[in-house]
1. Have a look at L307, L287 and point out the one that is over 20 Å from T137 (Cβ atoms) and assigned to a helix (DSSP H, G or I).
2. Going by what's in this entry, would L69 be described as in contact (Cβ under 8 Å) with a residue 12 or more places away in the chain, surrounded by fewer than 23 Cβ atoms within 10 Å (Cβ to Cβ) and on the phi < 0 side of the Ramachandran plot?
3. Determine if segment 376-397 includes at least one residue that is under 24 Å from W147 (Cα atoms), modelled with pLDDT of 90 or more and surrounded by 19 or more Cβ atoms within 10 Å (Cβ to Cβ).
4. Search segment 342-368 for residues being modelled with pLDDT of 90 or more, within 11 Å of A70 (Cα to Cα) and among the aliphatic types (A, V, I, L, M), and hand back the single one that is surrounded by the fewest Cβ atoms within 10 Å (Cβ to Cβ).
5. Given (1) farther than 17 Å from L82 by Cβ; (2) modelled with pLDDT under 80; (3) under 25 Å from the mean Cα position of the chain (by Cα), where does G152 come up short, assuming only one miss?
6. State which residue is farthest from the chain's Cα centre (by Cα) when the search covers only segment 382-397 and only residues that are within 22 Å of M57 (Cβ to Cβ) and in contact (Cβ under 8 Å) with a residue 24 or more places away in the chain.
7. Wholly within segment 192-264, which helices (runs of 4 or more DSSP H) include no fewer than the required count, namely at least 2 residues that are within 26 Å of the chain's Cα centre (by Cα) and at pLDDT below 80?
8. Which residue out of A103, A96 is surrounded by 24 or more Cβ atoms within 10 Å (Cβ to Cβ), more than 29 Å from A292 (Cβ to Cβ) and over 18 Å from the mean Cα position of the chain (by Cα)?
Amino acid sequence: MDQQDQQQDDQQRHVIRVLVVAQILGGIGAGATLSLGALLAAETSGSSAWSGMAATMATLGAAAAAVPLATLAQRRGRRVSLAAGAVVACCGALLAITAASLALFPLLLVALVLLGAGAAVGLQARFAATDLATDATRGRSLAVVVWSTTIGAVLGPNLFEPGQALAGVLGIPALSGGFVFTAAAQAAAALVYSLGLRPDPLLTALRRDAEDRPADSPAPVRRRGLAVLARNSTARFAVVTIAVSHAAMVSLMSMTPVHLHDHGAGLSIVGLTISLHIAGMYALSPLFGWIADRAGRVQGILVGQVLLVAALLTAWRGSGSEFWVTVSLILLGLGWSACVVSASALLAGAVDVSERAPVQGSSDLVMNLAGALGGAVAGPALVLLGYSGLGGATAVLVASALVWTVARLPSSRTRTPVPA
């Protein structure tokens, strides 16, 4: 290995370390936002039918932040973009506490939109891990950063009861206490991004790409993300796969706290169930990254979709049992992880580095719009169809994506995906 390669490896390891620390901090808020938000929305609005709006507004916020953060990353680098998003999420957590104290449901919805920026940061951090990665290790680099969210994300829902105790000390509503931890964690994450991502990984990758191009070659044409997706079938498949997986996950997960609460489960059981689900989302992501790099990205997507279908069918058949609901949530998290890790690695390798940030921003936009739609539909579906019906209906959606994936298997590459 020559000196330049060694320097690149050292820079990549440094980037991964910084992203891991920041993702642990940001993950503390990720677990609490949707689960606590659903309960707080039901309490503030006075109806469980509105509980799905927590997931809807948070994912709409993530969708709204996706393209601006990607644009900021392309112009100023990942450091500025990720830190800015974390600051917005911190403000959202503080506003959620205010909304709960004033019992203002519309203000709570605004707060959840701002909190969605934290989710957008977490999604774009996984792509930041690929900026300096090689084709052979892209899936694993991405997966390590996804995995690091496990620690904070599993801790977040288990701050329900400490949050209630803190709320009593501060004199704020019990369900809003967890957002105090969220605000502090997002502020700390912003500081880590701002101080740690030097040199900036995306700006470094763009500079290297420019240096490696022949002197007489034309400068790359910068296109909007959606324009690139319209031309690139591999990238388009990856984006749709991510969106369907996320919509399925948000639909079932966001309604699980309400379903369990309505059937007499205590906050500790609700928190444990969501923690296990989030552990499924992140804990085995390195394994799925290895599968994506070694077996193939489309094959990794297929594994995830099979797990998602199994999760939804388990929810359909076992909705009356806390045990089977928990099993379904664990499978749901595992399926989401396999799909998102594999499809994100496929997307990162399917486009030129000069197009990577806008395409990734568009992917996160589509992903979160799909999640917002899933969360919006999930609340009324829970009331009309019950938890079992929600699981069965969502399984049909994932099965359609599964058929498309199977159709792509014969033409898929076993290792490094290339632009279509």
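1. Only one candidate passes the filter, namely L307.
2. When the stated conditions are applied, L69 does not pass them.
3. No, there is no match, as no residue in segment 376-397 is under 24 Å from W147 (Cα atoms), modelled with pLDDT of 90 or more and surrounded by 19 or more Cβ atoms within 10 Å (Cβ to Cβ).
4. So, considering only residues that are modelled with pLDDT of 90 or more, within 11 Å of A70 (Cα to Cα) and among the aliphatic types (A, V, I, L, M), the one surrounded by the fewest Cβ atoms within 10 Å (Cβ to Cβ) is L365.
5. Among (1) farther than 17 Å from L82 by Cβ; (2) modelled with pLDDT under 80; (3) under 25 Å from the mean Cα position of the chain (by Cα), G152 violates only (1).
6. Per the stated criteria, the residue is V383.
7. Hits in segment 192-264: 225-231, 233-262.
8. Answer to the selection: A96.
The values are calculated or read from the model by the stated rules, or taken from the named source; none is laboratory data. Given the structure is predicted, the values throughout are model-derived calculations rather than measurements. Methodologically, a virtual Cβ is constructed for each residue, glycine included, from the backbone with ideal geometry; neighbour enumeration extends over all protein chains shown.
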